[in-house]
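Down below is the structure, laid out as structure tokens.
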Amino acid sequence: MLLLPAPLLAARLTGLSVVPGVVTVVADGPPAVAHQFALTAPDRLVIDLPAVVPAQLSAPGAGSIAAVRAAMFSPGMARLVLDLSGPLEIVAARSSATGLTLTLRRISAPAFAEQVRRGRTPLPVAPMVAATPAAPADFNLPPDMFASREPTAPPAAADQPATPPASPVGIQTENAPAGPAGTSSPPSRRMTAIRSRSGGKPLVVIDAGHGGKDVGAISVLGGYEKDVTLAIARLTARRLERSGRVRVQLTRDNDRFIPLGGRVMIARKAQADLFISIHADSAPNPEARGASVYTVSAVASDAIAARLAARENKADIIGGVNLGVEAPEVGDIMIDLSRRATSNVSVLFADILQDALSDRIRFRGEFHRFAGFIVLKAPDVPSVLLETGYVTNRDDAAVLFSGEGRQKFADGIARAVERHLLGD
């Protein structure tokens, strides 16, 4: 029962339409998050989003969009493809109760080639103001939760992927003349600081997975997952406390059991600006290795993600806790639109976390995945679950049970937290 999806989170795509400069995706709810990349030969823009496409969709194009089509790309992941007759870029993505609207503009051939070179990057999806309901009384969302996070620095170095601006205000669609030589400068990934929900310095809550009677995965070296997660959580907290730029709180600072719903409530009651749950993975195949990060989705991105969520969500069963009594709101928490807003922020942080860890640890294939983890379902706290590696792999276990390896994780996590919350 812990894996029953919240049906409104995974939008069902039911139609497509195109006018010059605008693509509209009809859905039964607002898509929460998306990634984008560009391809050549022929020129295409591709958007991946956690959604369901019951039957393959297509629509004729208009302007520089030759055609548009959508289908399931992998379990839980829909792919929207824009076939182009001229180079375009997406400058805004807006969600509403009836779907997703993409606004595009013309760019030069060199600028499109740069998009292709950057590869897969996040596509911020902001809700339309008219579609944003009032949040429940016990929610305290950041005042800038629904606003775009505009770049505040000069363009980043060429080897850093750029994120397009989310706001349509002042944008130039393909019907309007382009700027000089039809070029556009890609914005930097540097963002403005998060405005703390509780006032003062922003707060991150770090959750050391498992604990007490719930030992988690057992390492091939004989140790327990619960000890790895606590050690990395403590080191990350110390690193952030030494810096003194953000506040940090641990869900546990010793070997004790906390129900999954209790971990969520700790973050919510503290009015956290970010929640990070730290875990270590296991697999029957001893060759499986590498770290990955998860953000919440009612539909898992792949079978491995689904099995992992099922295993982690059994922690309350191990602890003998009735989740329905411990955290009754978890079952239907996703129906609020604010959950979708925090999902967008969670995805942005997942990408920052990947950047911060990329020169320190080994990743497992596609680093960012989606699954229905209970600890990620706080409706008003952006949340990620970091799987630090496989304790069933000797190489990963050697890193995770060493002081040097744990410190590498702690330094990378702390760097990502400060970059995300402070706009570094």
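As a calculated quantity, the FRET efficiency between residue 241 and residue 198 at R0 = 25 Å, using C-beta atoms, amounts to about 0.90. Within the shell defined by Cβ-Cβ distances under 13 Å, the residues around residue 56 carry a net charge of +2, with Lys and Arg each +1 and Asp and Glu each -1. When 392, 14 are sorted by how many other C-beta atoms sit within 10 angstrom of their C-beta, beginning with the fewest, the order is 14, 392. In this calculation the C-beta distance from residue 39 to residue 411 is compared with R0 = 35 Å, giving a FRET efficiency of 0.45.
Other residues whose C-beta falls under 14 angstrom from the C-beta of residue 241 contribute a net charge of +4, scoring Lys and Arg +1 and Asp and Glu -1. 3J(HN,Hα) along the stretch 16-21, derived from phi through the Karplus expression 6.51 cos²θ - 1.76 cosθ + 1.60 where θ = phi - 60°, amounts to 9, 8, 9, 10, x, x Hz, with x in place of Gly and Pro.
A straight chain from residue 250 to residue 108 at 0.36 nm per residue would run longer than the Cα-Cα distance by 46.2 nm. Spin-label model, residue 404/residue 55: points 7 Å from Cα along the beta carbon direction are separated by 6.0 nm. Our estimate of slack between residue 288 and residue 360, defined as 0.36 nm per intervening residue step minus the Cα-Cα distance, is 24.1 nm.
Every number here is computed from the coordinates shown, using simple stated rules; none is lab data. Quantities reported herein were computed from a predicted structural model and do not represent experimental measurements. All Cβ positions, even for glycine, are placed from backbone atoms using ideal geometry, and neighbour counts span all protein chains on display.
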